[in-house]
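Only the coordinates and a few stated rules stand behind these numbers; no lab work does. Keep in mind that what you see is a predicted model, and the values were worked out from it rather than measured. Quick reminder, even Gly has a Cβ in these numbers, built from the backbone with ideal geometry, and neighbours come from all protein chains shown.
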């Protein structure tokens, strides 16, 4: 594949957008992490708080790469379906943070993450025939969602 200047600019726009959204989610939750979240009984598998920023920065980079690969694929009905589901999925992703950290609605956050896991599985299945590379970089994110669901469930069950 020949990478053009337009490709580089579009990829940079995807990466920048995802990193900005990740930063906004951090801003939205910083007060609640310092307060409410620290009072919770959390899973023994819960990573140190500093790890979350690092992990999400990497995951958003991978998501932006995956979405860019789909975006760059030739126009097709499949591509439109994937892009639409990807947008829906990311809206769920960005909704989870205020639902959990701001509203403290742990059961609702658990439901949201369950839907996220389902849509991530569908996305992974749909993306692979279009771009194996896009599916591969999407996989760590899907795995993290399962781990995040464990962390959320633990908080729901033990608080």
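Ordering 42, 132 from the fewest to the most neighbouring beta carbons within 10 Å gives 132, 42. For 80, 106, the sequence from fewest to most other C-beta atoms within 10 Å is 80, 106. Put in order of Cβ neighbour count within 10 Å, fewest first, the listed residues 86, 147 become 147, 86. Taking springs between alpha-carbon atoms closer than 10 angstrom, which of 50, 148, 73 fluctuates most in the Gaussian network model of the chain? Result for the chain, Cα springs under 10 Å: 50 fluctuates most.
Please give the length that would be gained between residue 125 and residue 41 if that part of the chain were fully extended, namely 0.36 nm times their separation in residues minus their C-alpha to C-alpha distance (nm, one decimal). Intermediate values should be presented prior to the final figure.
Numbers: separation 84, 0.36 × 84 = 30.24 nm, distance 3.52 nm.
That works out to 26.7 nm of additional length.
For region 1-72 versus region 119-157, the inter-centroid distance based on Cα atoms is 14 Å. Between 0 and 90 degrees, the angle of helix 106-130 with respect to the longest Cα principal axis of the chain falls at about 20 degrees.
Calculated from the alpha-carbon coordinates, the chain shows an Rg and a Dmax of 16.5, 53 Å respectively. Note on residue 143 and residue 27: the model spin-label points, each 7 Å out from Cα along the C-beta direction, lie 3.2 nm apart.
A simple spin-label model places the labels of residue 108 and residue 10 3.7 nm from each other, with each point 7 Å out along Cα-to-Cβ.
Projecting label points 7 angstrom from Cα along Cα→Cβ for residue 133 and residue 52 puts them 3.3 nm apart.
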